[in-house]
Amino acid sequence: AQSVSQHNHHVILSEAASLELGCNYSYGGTVNLFWYVQYPGQHLQLLLKYFSGDPLVKGIKGFEAEFIKSKFSFNLRKPSVQWSDTAEYFCAVNADYGNNRLAFGKGNQVVVIP
Amino acid sequence: NAGVTQTPKFQVLKTGQSMTLQCAQDMNHEYMSWYRQDPGMGLRLIHYSVGAGITDQGEVPNGYNVSRSTTEDFPLRLLSAAPSQTSVYFCASRSIVGDTEAFFGQGTRLTVV
């Protein structure tokens, strides 16, 4: 079964700082990759997704992620964070072998200080 | 569009009580799933279904039952609640056709005392 690793569970940074969250997965075949965001007290919302094509994916709110197949990684980046980016971020992987299960990482709790 | 609707939003149970968490989606998605979210653990898959009449276990199925009698509904049953089942539960659905993401409900915060 696929597994997803996210490091640095708690991240604290100031407004205007750059953010990069790492995501590594274990499955060696074709994968679909996602980043979800959960704002305090809310449900998960999709930030961006990768299925095929350009490995640099742009999402909502200025976020982007790069799929590097050789490194089994799908890192999330934002050049300049805002206070409103305070949230928990989850990387998820769906291996393309037919059962449609979505595996999540343990999440990154990001706090942006004004 | 309503999307994925979960009820109730909050629930307190006593140990040993049973209850059903409801999940309904109006997007005609084939795939539905239940996750529990615990601090530092991310989302863990409890059960999932790829269509009416078809269900399967995820990574943490013990203590939970599911059924899928219609495409729209995917209830999660706790037969005898335990304090270890205190968690936030999310239902999600997605289409299994094409490149689509999962859509999540608002969550149910369950406390078992």
The condition of being in contact with a Ser or Thr (Cβ under 6 Å, 6 or more places away or on another chain) and either among the hydroxyl-bearing types (S, T, Y) or closer than 20 Å to A:V4 by Cα (or both) holds, among B:R44, B:R36, B:R68, only for B:R36
Restricting attention to the stretch A:25-53, which residues are more than 12 Å from every other protein chain (Cβ to nearest Cβ), under 20 Å from B:Q37 (Cα atoms) and of a type in the set (S, T, N, Q)? none
Need the failing condition index for B:A92 against (1) within 14 Å of chain A (Cβ to nearest Cβ); (2) in contact with a Lys or Arg (Cβ under 7 Å, 6 or more places away or on another chain); (3) surrounded by 15 or more Cβ atoms within 10 Å (Cβ to Cβ), just the number. (2)
What's the total number of residues in the stretch B:1-21 that are outside any loop (DSSP other than H, G, I, E, B) and touching a Phe, Trp or Tyr at 6+ places or on another chain (Cβ under 9 Å)? 3
If you scan the stretch A:15-37, which residues turn out to be in a loop (DSSP other than H, G, I, E, B) and out of contact with any Lys or Arg (no Cβ under 8 Å at 6 or more places or on another chain)? A:E15, A:A16, A:A17, A:G22, A:C23, A:S26, A:Y27, A:G28, A:G29, A:T30
For residues that are in a loop (DSSP other than H, G, I, E, B) and at the interface with chain A (Cβ under 8 Å from one of its Cβ atoms), scanning just the stretch B:26-50, find the one that is surrounded by the most Cβ atoms within 10 Å (Cβ to Cβ). B:M41
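Every number in this text was worked out from the coordinates using simple rules, so none of it is lab data. Note that the structure is predicted; figures quoted are calculated from it, not measured. Every residue, glycine among them, receives a Cβ derived from its backbone with ideal geometry; neighbour counts consider all protein chains shown.
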